[in-house]
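Engineer: Take a look at the following structure, please.
Every read-out reported here was derived from the displayed coordinates using simple, explicitly stated rules and does not represent laboratory data. If you're wondering where the values come from, they're calculated on a predicted model, not measured in any experiment. Every residue, glycine as well, gets a Cβ built from its backbone with ideal geometry; the counts of neighbours run over all protein chains shown.
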Amino acid sequence: MSDSSSAEAAAVRYPVTTRAFGLAIVVLSGMQLMMVLDGTVASLALARIQEDLELGDSGRNWVITSYALTFGGLMLLGGRLGDTFGRKKMFLGGVVLFTFASLACGLATNEAMLIAARSVQGIGAAVASPTALALVATTFAPGPVRNQAIAIFAAMTGIGSVAGLIIGGALTQVSWRWIFLINVPIGLLIIALAIFALRETGSERLALDVPGAILATLGCTGIVFGFTEGPEMGWTSPAVLGALIGGVALFLLFLSVERRAENPLLPFGLFTNSNRVFTFISLALIGAVMFSLAPYVALFVQDILGYSPLHAGLAFVPFAFGLGAAAFVASKLAVRIQARWLVIVGSLLTFAGLLYASTLGVDATYFGNLFVLVIGVGFGVGLAVVPLPLCAIAGVGPKDIGPLTAIAQVAQVLFGPVGLAVVGAMAASRTLSLGGVSGAAANMSPEQLHALSEGYVFALFGCAILALLAAFSAFFVKFTPAQVAQAQVAEKVAQGIS
């Protein structure tokens, strides 16, 4: 540890100063693992949930989007709540909310109960997730100890992505309810350990932009509702038109409120650079691709190709390895060549892979069609998504790194449901136009299954278009390799990594 780091650690009296591994990092990284697992396993279980609860296609999509809307819409506010009322207190509150919402999900007997519980899960995650990252910085002393803690915390994302595919598939084989119920004992253990392992920090009494968080969430929810329900209710339905118009109006009102807010969630001063604006647009589009891709691929291989949930999970493990390999390559190349070229190449690889995927049908085979495709799309997504968060913080001072990093996360999470709503509308409209029906595949005739298959692959075509738009947007991101390299250093300094 450097002299300055030692002095800081002594002055602040961090609870952990010698070694990272202990109860505190088990609690914080355990929460991160639980959140990542939940996001992964839900897509694998969609087919079983739809069949068991007799959901329509729009109801099925709400199982995914209801969680992401509250998570993404309230994430910035959740972080501010920890700063204002105490991070340990809000972390515990978020985990409690997430845990009991998971119990409600697992016991759900109908669509309304499941979607409501998933929304509450998202609220719990929006409070616990940003607060946990802040607790890493305030619990572990700067230098090697915090480096180790951040590495363990970050590793949970990669481990959770792979483990979620396997564990989620295995649990869904038994019952889809277990993908939620498994969170209950884990959450209760995290709560019990956190009471003893974490120290309270925060209580800065900042002004909270509650209206901004609510307006952003409701605006996106209105737009998502319109696109999700449009194919089944009719695009001229008063409810659909009202939701779309209302969603846009609420989002415009959100922008107006942010201009006048004392402590806005979206500080407009951070968006004066056009390179940064296009960075966030690219992040939102890539986030929409990733969010929309997972459920429709999982549905295609289970409903059309007849894979079991476990088989489906194992089949897409190579995606995580492709993404990881690309992340390693991109992190090295981003300081040598303009980041936009990495994003463009990655987005075009993703576009090409998904364009090919949109031609598949009931005769597709894993090693003949899917294996290389899964790795290739994973590599393309990884190449595109890794440089963009660095571009988001390129060329700014240390005090702006935290807000910009948080906004980058929200751009990926919150616009995912919007993307899913759009490609879901494409899929449902395609299926219905070919004589298909909404509902579980198990109850369909061969002709209806063919229409369903055409709808699923048309959704992948929609994802391909989103990837192409991301490539176009990235062309206008002109940060230099030197600026990105500076951003890498600044990010480490902001996190206290030596």
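Engineer: Go through the stretch 374-379 residue by residue and turn each phi into a ³J(HN,Hα) via Karplus (6.51, -1.76, 1.60, θ = phi - 60°); whole Hz please, and just put x for glycine and proline.
Structural biologist: These are the phi-based 3J(HN,Hα) values: 4, 5, x, 5, x, 5 Hz.
Engineer: The stretch 311-371: which trypsin sites (Lys or Arg not before Pro) are DSSP loop and have at most 13 other beta-carbon atoms within 10 angstrom?
Structural biologist: The qualifying sites are Arg336.
Engineer: Something else: At a 10 angstrom cut-off on C-beta neighbours, averaged per residue, how do the peptides 424-436, 367-379 rank from highest to lowest?
Structural biologist: Answer by packing, highest mean first, reads 424-436, 367-379.
Engineer: Of the listed pairs Lys88/Lys332; Lys332/Lys399; Lys89/Lys399; Lys399/Lys478, which have alpha-carbon separations greater than 30 Å here?
Structural biologist: Check vs 30 Å cut-off fails for Lys88/Lys332.
Engineer: 5 Å is the cut-off here: which amide hydrogens, built 1.01 Å from N in the peptide plane, fall below it relative to Phe475, excluding neighbours closer than 5 in sequence?
Structural biologist: The list, which skips near neighbours in sequence, is empty: none.
Engineer: Then there is this: Within 10 Å, count the other beta carbons around each residue, average over each peptide in 88-95, 403-410, and list them highest first.
Structural biologist: Packing order, densest peptide first, comes out as 88-95, 403-410.
Engineer: Pull out the extension gain between Lys478 and Lys399, defined as 0.36 nm times the separation in residues minus the alpha carbon to alpha carbon distance; nm, one decimal.
Structural biologist: 26.2 nm
Engineer: Moving to a separate point now. Taking θ = phi - 60°, what integer Hz values does the Karplus form 6.51 cos²θ - 1.76 cosθ + 1.60 yield along the stretch 269-276, in sequence order, with x for Gly and Pro?
Structural biologist: With coefficients 6.51, -1.76 and 1.60, one gets x, 7, 10, 6, 8, 5, 4, 6 Hz.
Engineer: Between the stretch 152-217 and the stretch 270-338, what is the C-alpha centre distance in whole Å?
Structural biologist: If we compute the Cα centre of each part, the gap is 21 Å.
Engineer: I want to check the label-to-label distance for Ala155 and Thr236. Put each point 7 Å from Cα in the C-beta direction and report it in nm to one decimal.
Structural biologist: With each label point 7 Å from Cα toward Cβ, the separation is 6.0 nm.
Engineer: OK, next. Once label points are set 7 Å from the Cα along Cα→Cβ at both Glu447 and Leu103, what is their separation, rounded to one decimal in nm?
Structural biologist: If labels sit at Glu447 and Leu103, their model points lie 4.9 nm apart.
Engineer: Can you pull out the chymotrypsin sites (Phe, Trp or Tyr not before Pro) in the stretch 397-473 that DSSP calls coil and that have at most 11 other Cβ atoms within 10 Å?
Structural biologist: In loop regions of the stretch 397-473 (DSSP not H, G, I, E or B), there are no sparsely surrounded chymotrypsin sites (Phe, Trp or Tyr not before Pro).
Engineer: Expressed in nm to one decimal, what extension gain is obtained for the pair Phe367 and Asn110 from 0.36 nm per residue of sequence separation less their Cα-Cα distance?
Structural biologist: Working it through step by step, the gained length comes to 88.7 nm.
Engineer: Work out from phi, with θ = phi - 60° and the Karplus expression 6.51 cos²θ - 1.76 cosθ + 1.60, the ³J(HN,Hα) of each residue of the stretch 303-309, listed in order in whole Hz, and give x for Gly and Pro.
Structural biologist: Going residue by residue, I get 6, 9, 8, x, 5, 6, x Hz, with x marking Gly and Pro.
Engineer: Looking at the stretch 229-267, which GluC sites (Glu not before Pro) are in a loop (DSSP not H, G, I, E or B) and have at most 14 other Cβ atoms within 10 Å?
Structural biologist: Answer by residue number: Glu262.
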